[in-house]
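Worksheet for the structure shown next.
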Amino acid sequence: MIVKRLIPGQDLKKALEDIKDTNDLKSGIIICMVGSLNHAVLRMADGAKKIINGPLEIVSATGTIATNGVHVHLAVSDAEGSVTGGHLMEGSLVHTTVELCILIPNVIFKRIWDPETGYGELHILDQLDDQAVLDEKQDYNAGKDD
């Protein structure tokens, strides 16, 4: 398990990607995330990007880390307790802290472009040796708004 504290000013999504790269993660499951953001940048279900100004409390977060991307859904509450949730995008900056716990399973997660959904979708390999199987498939560009 990886346990990490993010500090003020860090971009939450970029920090998750840095944790993936620094630890050479083949897969990860976010099991805990608490803290606060200055503002959140979220993609809504209709694909629209929404910026929620803070300070904000993270009230829920769930997601996966794949070899080629981070997929997190985040819910934040404002000063009045109103909650907004969506798909985490770059630009969500830590206010005071974010505490993370990432579980590392014994499988590989990889995001593969799915023309039916228009997104990189999760593929799971049962064995670490099966990476070659996915390398032959069309890769998903992690630089897109996943």
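The values are calculated or read from the model by the stated rules, or taken from the named source; none is laboratory data. Model, not experiment: these values are computed from the prediction. A quick note on method: Cβ atoms are made from the backbone with ideal geometry, for glycine too, and the neighbour counts reach across all protein chains shown. These accessible areas exclude ligands, DNA and RNA; they are computed on the full protein's heavy atoms, side chains included. Shrake-Rupley method; radii C 1.70, N 1.55, O 1.52, S 1.80 Å.
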Looking only at MET44, MET89, MET33, which one moves most when the chain is put into a Gaussian network model with springs between Cα atoms under 10 Å? MET44
Which GluC sites (Glu not before Pro) from segment 1-108 combine a DSSP loop assignment with at most 16 other Cβ atoms within 10 Å? GLU80, GLU90
Mean Cα-pair separation over length for the chain, i.e. relative contact order, pairs under 8 Å, 6 or more apart, %: 30
Across the chain, qualifying lysine pairs (alpha carbons under 24 Å, at least 8 places apart or different chains) come out at 25
Principal-axis tilt of helix 12-22 within the chain, Cα atoms, nearest 10 degrees: 40
With DNA, RNA and ligands ignored, accessible area of ASP24 (1.4 Å probe; Å², nearest 10): 100
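Calculated from DSSP H runs of 4 or more alone, at -39500 (n - 2.57) each and per residue, what is the 222 nm mean residue ellipticity of the chain, nearest 500?
On the way: 2 runs with 16 residues, N = 146.
Calculated from helices alone, the mean residue ellipticity at 222 nm is -3000 deg cm²/dmol.
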Which label marks the calculated value of semi-axes √(5λ) of the Cα gyration tensor in Å, given the options (i) 19, 18, 16; (ii) 27, 18, 11; (iii) 28, 22, 14? (ii)
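Is the C-alpha gyration tensor of segment 27-72 telling us rounded, prolate or oblate? Criteria: a/c under 1.5 is rounded; beyond that, a/b larger than b/c is prolate, otherwise oblate. Walk me through the intermediate numbers first.
Values: a/c = 2.54, a/b = 1.29, b/c = 1.96.
Here segment 27-72 falls in the oblate category.
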